[in-house]
1. Along its three principal axes, how long is the chain when you only count alpha carbons? Whole Å, largest extent first please.
2. How much space per residue, in cubic angstrom, does the convex hull of the C-alpha atoms of the stretch 1-123 take up?
3. How would Trp180, Trp106 line up from fewest to most surrounding beta-carbon atoms within 10 angstrom?
4. Note the angle between two axes, namely the Cα long axis of helix 222-241 and the longest principal axis of the Cα atoms of the chain, as a number of degrees from 0 to 90, rounded to the nearest 10.
5. Given the -39500 (n - 2.57) contribution per DSSP H run of 4+ residues, what per-residue ellipticity at 222 nm results for the chain, rounded to the nearest 500 deg cm²/dmol?
6. Counting DSSP beta bridges with both partners in the stretch 1-155, what percentage is antiparallel, nearest 5?
7. Once the cut-off is 21 Å, how many percent of the Cα-Cα pairs in the stretch 143-224 end up in the long-distance tail?
8. On a 0 to 90° scale, report how tilted helix 169-179 is relative to the longest principal axis of the chain, with both axes built from alpha carbons and the result rounded to the nearest 10.
Amino acid sequence: MHIVDDVPELDGTDELTMVVALSGFLDAGQASALAVQHLQSLGDGPVVATFDIDALYDYRARRPPVTFVQDHYEGYEAPRLNVRLLRDTGGTPFLLLRGPEPDIRWEGFALAVREVVERLGVTRVVSLGAIPMAVPHTRPVAVTYHSNDPALLTGRSAWSGEVRVPSSVQALLEIRLGEWGHAALGYITHIPHYLAQMEYPVASLVLLEQLERGGRLTVDLTALRRSAEECEEEIVDYLADHSEVADVVHALEQQYDAFRRSEEAGASLLAPDEPLPTGEDLGAQFEQFLAGLDRPDADGEQE
């Protein structure tokens, strides 16, 4: 790993947030990817730290793209994992750690991030993520709030109990940073599972709204808000023409509302009291749903 020792832009900075959004596991609906793309669109900034991708990346599991032109290869897109210095809409500097989630050497990666935090004077690390859930898009995007310091939480999650889930580098980072005395918090949005494979800027908007609060940043969300509105309109139009899909969404609405009503009694979205629509129903209807959104016919009919 290489860290730039002299970063004049950070001189005199009392507070410095580092945003972490790694592609792969925690990016349903490409919500975190779209969020960081929006952050980078605020203005280009220098790279202040780079990680040795060859020591962290499994090339056979996630093969980088390359272009084949007639009789030769060109344009190999090497994966990159780095930290870039950016400024928010108000001119406040912050760091953005983005790239593919490491496949191996998680503990070593966590130690490298610790070095970045301590050498560049990061005062809080904020992670962004998204997971697919059996929730309807017609309800507000739910958020799971988490932190290694309860005082940093900016909201209350719907979870009322304990659940074991597959880990991620971002989860490990929060734990290790807490052990090393560094503040870390994060937000995970819940993506309707039938939209998890397409871009869902609605959730990206929610992530950045939460980042403003937890990271103490100011972000112009105008363009992203417009994309979110267009996405919602596209889904509404599709449902209006396909009642069978709308019926399945309605079933999810009923299930979701039932959970919300029983939340005070300790119910969880992962512990239903009522049956969800069957897997066959969801699989058949939402395969058509996604296909229709990606490749709609001119007359609005399915293929």
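Any read-out appearing in this document is the output of simple, stated calculations on the displayed coordinates, not a laboratory observation. These figures come from a predicted structure and were not determined experimentally. Cβ: placed from backbone, ideal geometry, glycine included. Neighbour counts: every protein chain shown.
1. Reported extents, whole Å, longest axis first: 62, 60, 37.
2. 137
3. By the 10 Å Cβ count, ascending, the order reads Trp180, Trp106.
4. So the helix axis and the longest Cα principal axis differ by about 20 degrees.
5. On the way: 7 runs with 107 residues, N = 303.
Calculated from helices alone, the mean residue ellipticity at 222 nm is -11500 deg cm²/dmol.
6. Taking every DSSP beta bridge within the stretch 1-155, about 55 percent pair in antiparallel fashion.
7. Details: 1250 of 3321 pairs.
Summing the P(r) tail past 21 Å for the stretch 143-224 gives 38 percent.
8. So the inclination is approximately 50 degrees.
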